[in-house]
Structure formats: structure tokens, C-alpha cells
Amino acid sequence: MGIAISNLSVRYGAETVISGLSLDIPEGCFFTLLGPSGCGKTTLLRTIAGFAPASGGQIRFGGRNVTELPPHKRAIGMVFQDYALFPDKTVAENVAYGLRARGEKGEGAARKVKAALDRVGLGHVLSRHPAALSGGQRQRVALARALVIKPQVLLMDEPLSNLDAKLRVQIRETIIELQREANITTVFVTHDQEEALSMSDLIGVMNRGKVEQLGTPHEIYATPRTGYVADFVGAANRTEVPVRAAASGRVEVDVAGSRLLATDSLNGPAERGLLVLRPEDLKISATVVSGLQSLPAVVRGRQYLGSRTSYSVECAGGLVLNAEMHGAGHDAFQPGASVHLGFDPAAARVIRS
Amino acid sequence: MNASALRSPWPWLSALALGLLGVFVLYPLLYVFTASFLGEGRSGWLQLVGDGHSLAAIGNTLVLACIVTLFSTLIGVPLAYVSARYRFRGKLLITLLPLITLVIPEVVTAQTWLMILGNNGVVTRFLKGYGILLPSFYGWFGLITSMSFIYYTYVYIGTVAAIGKFDAQLEEAAQSLGTAPLRSRLHVMLPVIRPAILASTLLVFTMVVGNFAISTILGHNVPLLSVAIYQAAVAEGATNLTMQSTLASTSVLIVMAVLFLNRRIIAKGRFEIVQGRGAKPQPLRGMHGVLVSASGGIVVAVSLLPLVTIAVGAFTASRGPVLRWGEWTLDNMARVFITAPGPLVNSILYAGVATLISVMFSTLVSYLVVKKSNLVTPFIDYVSAIPLALSGTVLGVGLLASFNDGFLALTGTSTIIVLAYVIRRMPFGMRNGQAILHNIPNSIEEASISLGSPPLRTFLRVVLPMMLPAVASAAILTWTTTVSELSASLLVYSGGRETLPIQIFRLIDSGLMAYASAYGLVLVAVILVPVVIATTMFKVDLFASK
Ligand SMILES: Nc1ncnc2c1ncn2[C@@H]1O[C@H](COP(=O)(O)OP(=O)(O)OP(=O)(O)O)[C@@H](O)[C@H]1O
Ligand SMILES: [Mg+2]
């Protein structure tokens, strides 16, 4: 069941947290809301769940208007950041809770509970209380509890943020598997871009109560439409440049005294634009590399990171860029060295500033 | 608030709660306030200024409150310090003190002092036999002694809690910088725990101002405020509400002023108390140890005196007011259980019903205030705290005046006694309920609702079970305090509806100490039995909300 949000506004008192937001999440889609703290991700999720009332606009689940429907009638499954397991109930009782609310009891319900817990690898802790579980186990119980009721949509608010890095990756996989299996439309909130990029079918990057860009992980990363998205998802060098139109989707820009080619993502004519360059697309070399356009530069700083080295280099006119080198000899350049900074026009995008 | 909010039960329940509080708390209070201004001919306040006896009562009450507060602090703070920081013989007894005051009703304490030092007291008569005449225990001497030995526990409890939170490292740091231990303590620790001490001393102050049982039993020729209110209210033909209302308003204003001060101190103290590891208690040996154990022991002995005395008195024969010590009998107990069991039955009934109502009401209302706040819940919060500023006597006067006739005539019913109990203990239940609810994250409820459980069912199935330990402890504590309630019920009760404390009070008034002891002993049992059952059989933690 897809989710269609149109022109949604949410207010807390006088403060408008979400205004005029529209969004379409297709059925079975794993949709991630990505954005910085305070941008309104939780608010949007809670409005979809029905806990935060909308002050304007509409929310539809598969064509049905649910805007005025109280949360307990929305047939949602929800997973909370703090798990929100009922501490006085056993694991099995926790998972059975939603079934009981639907009038399912006895043998059949017990079988479903067992199956749901088996599915997350916790069939052996049925009669334990949540206090006697590890963080990762609690999270999986919460997942089983939300999924056993076969909800129309699954809503998760930073479900992995209380787990350590290794466990996070593990549970990420469990979530994806379960979501695919049930083919359930999912809204997942996170501020961790790696999580968003690795898990999602679609990502909505939020900024100040608005969805700034909606797209597949690849689109969001490779073709950010705004400087904000470029910077929030992955790192990016951004600099404002004068722009002149050139042939076939390319523009000419002036950077650090050189005239170079870049990909046109301006969506229309403009005099100036924002040049976006990912650090990993910049190649440092001692001599000019053929086939790449290049800028002369001087290495100013260097951070050795094991699998790669992050450099900061200064081009003419004082423009400082970050570049990341991988592969053999990635830490070969010393601060003070004169180098060439090469990049492909396809990797340099100019967007509206 | 929009249409969907009105479809949930909470706004309606909030409105209902506010309505009930308005009728049973706000209305009596306003009734008393207005009556004080609308005297027959002259405003009560003008009458007050010209009334020497009432002015003396107010003055005496303030003086008494100051003195008792001072003595309570002088006993409570050192005791707290040594028991928080040192180990010594008999320390366990001192840590049990809070429970002792909890179970001994004030009316019993007052009675005990009379049995020992009163006109017919054991010690008095014993010394008289040798021609030594003690000063009368009635009056200042008795008031100050008996109140100080009850109220120091509040200072003690407050101070122990504060010292427990105080980071011993601060003190050690001061010492490492070359300050001598005692000086470092004074300089570093005192400022940090001072807000907590001050807050508990102010609490003692308000309790003395509101005290009725001891004031009236031991006060005699020292006019005191709550006694004056009581007398004005029960005086022959007390149809004129003006004087009692004015005195009651005075009491409310004094207590409110102190509570206001208290709030400010607590608000400041919250930032001053350093969270840290408490110091490990040091063993005390030698001279110091003996000294500390001995003085602690004396305090404990004096606190325990009432229990021992009534236990003996309950089985001692008597002729009129004179107890024949050493002559044992079961007559007194027979009277409590067989001849006149009314007070026992009434107490259990009224306190039981009141505890039930009080716990249900305060649980629901604290839930509304903490979790379902809307436009009216802040008012519910304020109004439900008002009884903190009402002494039992003031509450009794208010209820009696407001519900004597008119739209809700309750005078002469059992309902008004239960009502008085419920209102007096409501702020306590509210605070307890709110404390526990603040510890239950909202996500727990939302999880339940998201699983398809409607709001009311969520409250019953998820929130209530989580509140249960705290609710149980609140119920026990409410029971213990309502069973021993005297001052409000004494004003609103009617013939045949005597409770145990009322009966004891009347017996003391008639000088029948043996009977009073028997009722007192049963009262203590009625208080203690549920506490013991709950803590041992059901493992209720009495201080679960802390
Ligand atoms: N109950 C509330 N009352 C008033 N303002 C609120 C309330 N809840 C959230 N806000 C405000 O709404 C804005 C969005 O909050 P929200 O919780 O949706 O952010 P978020 O994107 O989830 O942030 P985070 O990543 O830190 O969880 C914030 O500015 C916040 O202060
Ligand atoms: Mg959030």
C-alpha cells in the first residue's frame, strides 16, 4: 500500500515545522527520510502515524484518506529509537500484544508469535523480560512486534542509533530482508547517510521541514540538485563560479584562474552556478594526466586514514579543495609539494546557487 | 485542540477532574476567603485586629513554629550527618526513624507525653512521691518538646538525602588544598546541602502551623491558631462564619507564603546539588563512637516512647484518669473490640474507601497532567496542589461551611469524612503519580497505540501495570496517613461516625488514658498491618517513586 502525502503542514503551537510538503511513496518501497537534527523527520513520521495531527493537507494510504483517522486505526507498524518494549511483559507477550488488540488469541496467535520471533532469531527467549535482553535483541523483538500484525506501512524512527557499529550493519540486513519478504511500504528515519544509501529504494533528503530532493540513492549521491544535498550526502567541495553555456550538456566555468568544462545541472540558463566536486573524484598527480582537465595546486594538509588519504590542496587565488586518494601510494604527496589536480568533466557538476 | 482530539476520552476526563477539583477544593477555599471579608457588619479582618485572643494565637503559632523548627534542625541535621558519614553501634535503629514517625499518629504521641509527664503522668507522680514538683507539661514546654521530637525526622530525612547526593570528592578536594576537615566540611558541604535543609525546615514550619492534635491536647492556656480555628468552628451557635474564616485564611496565607519560599529554594537547589558518588561511611570508634551512639540512642528511645507507653497502658487497669501501673487487664481491649467497636470499623471503612478513591483519582489525574496535557491540565495541576497549603483544620472548616446546605448538603454524612481524607492526601498521590509517569517514555504508549490498542485500553493495559509498584506504595502511604487523620475529620464528623483518632482524642479529653491507649494500640496495628503485609508478602517498595 503506497503512501501519498499532499501539501502537508504540521505546527507545534505557533511554530510551523512542516509546511506544504508533498511526497509519493510507492507500494513496497523502502523509503528513507534523511536529514540533519531538527529538520522535522520525526515530526513527519509521527504525522504519518497519526500521533502528530496535521494542520493542513492530506495523507493517503493506498488511496484511502487517513488524515483524520486516529493512530490505532491506521494499521501501522512502528519501531522506536528506544525500542519501547513493554517492560512488565515477556518477549512473547510483547509480540502478541498487537494480535490481542485485534482479537487474535490462543493457539493461532501463539504460533504467529513464535514464527515472528523465530524469523528474527529469537525463538528461544519467548518467556524472558525485555530487561534480560541485549540491545540488539530488544531491537529485533521490537521489529517482530511491529511486523507480526502485518501492518500496511512500517514506520521506523532511527531504530539503529542505539546500537554499536557492527550490530547496526547486522540488523540493517535483517530489516531489509524482512521488508522485502513482506513487501511492506516502509518509512525509515535516519540522519546516517551510509544507512540511507545502503538500505533505501528511495531517499528524501529533508531540510527545514521540506523534502529538498527525492531520488534513488545513486541519484541523490551522484546528481545532487542543491548545494545542501551535495554537502549533506557525502562530502563535497562547493564553490561559486561564473558560468558560460557550452555544447551538449556541458558548461564552461572559471575556477581558480582556469577555464574548465563541467556537467550542466542548472536546469536553465544562468550566469553563475555552484560547482560541486566530490573529493574522491579529484586526482592528485605530480604531472598532468592526459584525458583529465587539471588545475595546478599546492598540498597544504594531509590526513592519513589507512585505506585512503585525505588532502587539502590550495589552487590559485586561494581556493582550497579537499581531495581523497585511494589505491597504492595514496599517501605519497607531501605538504608543500606542487601538484596537479585532475578531474573528469562528468564528475564536476554545476547546480543552481 | 481540534475535532479529532475531542473524540479521545482525555479532554472529557480532564474537564471532569477540573470540575470535581473546582467543587471540592476551590469552592470551599473561596468560600472561606469570601466569608472572611463579608462579616456581619464588619469585615473579619477588622474584627481580627481588635481581637486580642486571636492575635495572640497567631503570634504564639509563629513563635512556636520558629522554635520547633530550630530544635528540629538542631536534632535532625547532626543526626543525619553522622548516620550518612559514619558507622557506629545502633546505626540501624537510626535509619529506621522515618518509619517510626510514619506509624505513630500525633494524637498518640501527645497522649503518651501526658501519660509520662502530664498531671497524672508516671514520672510526675513518682517524683511527687518524693516531694519534687515538676513544671506543668501543658503549655510551651510540652508543645516544644513533643513537636521537636516528631518533626526533626523530616529534617533528618531531607538532610540524609542531600548528603547522599553530595560528591565526597569536593570535600576531599578542599582537604587536599590544605583545609582542615571540619572547616572544609563547613565551607564546601554546607552551601551545597543548605537548600535541602532549608526546604525541610520550612516543611516543618508549615506542619507546626497546621498542627492540631498536639496543639490542642498540650496547648491548654497557650492560644494557638489551629486550635482557635477549631474552637471558633465548634463554638456553641457558631453560625457566624466570619471569625473562623478569617483565622483559617490567615493560616492559609502563612503556609502559602512559606511554600512559596520553599519553591524558590528548591528551584535554586536543583542546580546546586552536585550529583556524584556519596562518601563511604567511616567507622567511629572510641569516645566519639560512644557519644554518637548514646545521643542517637536517646533520640530513638524518645521517638519510640509512645509505642512502648501505649502498649503497656492498653493492658493496665485504671480508675478514672488514674492508671494503676502494674495491674494488668484485658478490659481496655475488650472495649475496643467488643463494647465499642464503632471507631475501629469506621476508621477501616472510611480510610479504605478514601485510599481507593484517592489512589484512583490521583493516578488518573497525574496521567492527564503528565501525558495528556491540554488547555485545562495546568489548572488541574495547580488546584490539586492547593491542599498542601490547607491544614486539616482549615480544610474541615471549609468543607463544613461549604457543604452544610445548599446545592450539596454533606454535613452529617460519612461522605464528608471520606472527602476530607481524599482531599488532604491528594497532593501526595499526585506527586507520586507524576514522578513515576515522568519515567515512562511516551514511546511505550505510542507503541501500544500503533499496535492497534485504543488510548483508554492502552492506559489500562500498558501504563497502569507500569505504574503499579508506585501506585501500591502510594496506596500504603495514603492508608497510613488517612487512618491517623484527626484535625479535618474531627470537624466534619457527626455522632456515631467517630474514627479511632477522634475516639482517642475524646478519651484523652476526658482523661481516660487507659482506654485511649487501647484504641491507640489498635490504631497503630491498623496502620502497621497493611504496611507489613505489603512490604513482606507483596514486596512493595514503600519508596518506589523516589
Ligand atoms: N512537541 C513539540 N513541541 C514543539 N516543538 C517541537 C515538538 N517536537 C518537535 N518540535 C520541533 O520541531 C522541529 C522538528 O523536530 P523533529 O523532532 O521532527 O526533528 P528531527 O528531524 O526528528 O530531529 P532529530 O534528528 O534530532 O531527531 C524541531 O525544531 C523541534 O524543536
Ligand atoms: Mg527525530
### Query
Any idea which of (1) farther than 23 Å from residue B:14 by Cβ; (2) within 22 Å of the chain's Cα centre (by Cα) is the one residue B:425 doesn't satisfy?
(1)
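Let's see how each residue does on (1) surrounded by 16 or more Cβ atoms within 10 Å (Cβ to Cβ); (2) within 19 Å of residue A:80 (Cα to Cα); (3) within 16 Å of ligand 2 (Cβ to nearest atom); (4) more than 14 Å from chain B (Cβ to nearest Cβ):
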| site | (1), (2), (3), (4) |
| --- | --- |
| A:158 | yes, yes, yes, no |
| A:161 | no, yes, yes, no |
| A:166 | no, no, no, yes |
| A:171 | yes, yes, no, yes |
| A:175 | yes, yes, no, yes |
| A:202 | yes, no, no, yes |
| A:211 | yes, no, yes, yes |
| A:220 | yes, no, no, yes |
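Table: residues versus (1) within 16 Å of ligand 1 (Cβ to nearest atom); (2) of a type in the set (Lys, Arg); (3) in the same structural domain as residue A:8 (by TED's automatic domain parsing); (4) touching a Cys at 6+ places or on another chain (Cβ under 6 Å).
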| site | (1), (2), (3), (4) |
| --- | --- |
| A:31 | yes, no, yes, no |
| A:41 | yes, yes, yes, no |
| A:48 | yes, no, yes, no |
| A:88 | no, no, yes, no |
| A:98 | no, no, yes, no |
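One line per residue, one yes/no per condition, for (1) part of a helix (DSSP H, G or I); (2) more than 8 Å from chain A (Cβ to nearest Cβ):
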| position | (1), (2) |
| --- | --- |
| B:445 | yes, yes |
| B:448 | yes, no |
| B:456 | yes, yes |
| B:463 | yes, yes |
| B:471 | yes, yes |
| B:476 | yes, yes |
| B:480 | yes, yes |
| B:485 | no, yes |
| B:490 | yes, yes |
### Task
Taking the options A:45, A:117, A:122, A:33, name whichever one is away from chain B (no Cβ under 14 Å) and either in contact with a strand residue (DSSP E or B) (Cβ under 8 Å, 6 or more places away or on another chain) or within 15 Å of ligand 2 (Cβ to nearest atom) (or both).
A:33
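Could you please let me know if residue A:54 is within 16 Å of ligand 1 (Cβ to nearest atom) and within 11 Å of chain B (Cβ to nearest Cβ)? Quick ask: steps written out before the conclusion?
Working: within 16 Å of ligand 1 (Cβ to nearest atom): yes; within 11 Å of chain B (Cβ to nearest Cβ): yes.
Spelling it out, residue A:54 is indeed within 16 Å of ligand 1 (Cβ to nearest atom) and within 11 Å of chain B (Cβ to nearest Cβ).
Looking at B:71, B:149, which is the one that is under 15 Å from residue B:309 (Cβ atoms), modelled with pLDDT of 80 or more and aromatic (Phe, Trp, Tyr)?
Details: B:71 fails: under 15 Å from residue B:309 (Cβ atoms).
Checking each option against the conditions leaves just B:149.
Condition check: polar (S, T, N, Q), more than 16 Å from ligand 1 (Cβ to nearest atom) and either free of Cβ contacts under 8 Å to residues at least 40 places away in the same chain or more than 20 Å from residue A:120 (Cβ to Cβ) (or both). Does residue A:22 satisfy that? Outline the logic, then answer.
Numbers: polar (S, T, N, Q): yes; more than 16 Å from ligand 1 (Cβ to nearest atom): yes; either free of Cβ contacts under 8 Å to residues at least 40 places away in the same chain or more than 20 Å from residue A:120 (Cβ to Cβ) (or both): yes.
Taking the combined requirement at face value, the residue satisfies it.
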### Query
Where in segment B:95-153 are there helices (runs of 4 or more DSSP H), lying wholly inside it, with at least 3 residues that are in contact (Cβ under 8 Å) with a residue 40 or more places away in the chain?
B:97-103, B:106-117
### Summary
residue A:147 passes all but one of the listed conditions (1) away from chain B (no Cβ under 12 Å); (2) over 17 Å from residue B:443 (Cβ atoms); the exception is number (1)
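Given the options B:316, B:246, name the one that is at pLDDT 85 or above, in contact with a Gly (Cβ under 9 Å, 6 or more places away or on another chain) and more than 26 Å from residue B:494 (Cβ to Cβ). Break it down stepwise before answering.
Values: B:246 fails: more than 26 Å from residue B:494 (Cβ to Cβ).
Among B:316, B:246, only B:316 is at pLDDT 85 or above, in contact with a Gly (Cβ under 9 Å, 6 or more places away or on another chain) and more than 26 Å from residue B:494 (Cβ to Cβ).
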### strands (runs of 3 or more DSSP E) completely within segment A:1-94 that count 1 or more residues being modelled with pLDDT of 90 or more and surrounded by fewer than 22 Cβ atoms within 10 Å (Cβ to Cβ)
A:3-12, A:15-25, A:30-34, A:56-61
#### Entry: Subset of segment A:48-86 (residues that are touching a helix residue (DSSP H, G or I) at 6+ places or on another chain (Cβ under 9 Å) and within 16 Å of ligand 2 (Cβ to nearest atom))
A:49, A:51, A:52, A:78, A:79, A:80, A:81, A:82, A:83, A:84
### Summary
Scanning segment A:177-195 for residues that are within 16 Å of ligand 2 (Cβ to nearest atom) and away from chain B (no Cβ under 14 Å) gives A:188, A:190, A:191, A:192, A:193, A:195
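For every residue, the table says whether it meets (1) under 27 Å from the mean Cα position of the chain (by Cα); (2) more than 23 Å from residue A:71 (Cα to Cα); (3) in a loop (DSSP other than H, G, I, E, B); (4) without any contact (Cβ under 8 Å) to a residue 24 or more places away in the chain.
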residue: A:112; (1), (2), (3), (4): no, yes, no, no
residue: A:126; (1), (2), (3), (4): no, yes, yes, no
residue: A:131; (1), (2), (3), (4): no, yes, no, no
residue: A:137; (1), (2), (3), (4): yes, yes, no, yes
residue: A:142; (1), (2), (3), (4): yes, no, no, no
residue: A:145; (1), (2), (3), (4): yes, no, no, no
residue: A:161; (1), (2), (3), (4): yes, yes, yes, no
### Query
Among the numbered criteria (1) more than 13 Å from ligand 2 (Cβ to nearest atom); (2) under 16 Å from residue A:211 (Cα atoms); (3) away from chain B (no Cβ under 13 Å), which single criterion is violated by residue A:39?
(1)
### Summary
For residue A:153, the lone unmet condition from (1) within 25 Å of the chain's Cα centre (by Cα); (2) away from chain B (no Cβ under 14 Å); (3) of a type in the set (Val, Ile, Thr) is (2)
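The values are calculated or read from the model by the stated rules, or taken from the named source; none is laboratory data. These numbers were taken from a predicted model, which means no experiment stands behind them. Virtual Cβ from ideal backbone geometry, glycine too; neighbours counted across all protein chains shown.
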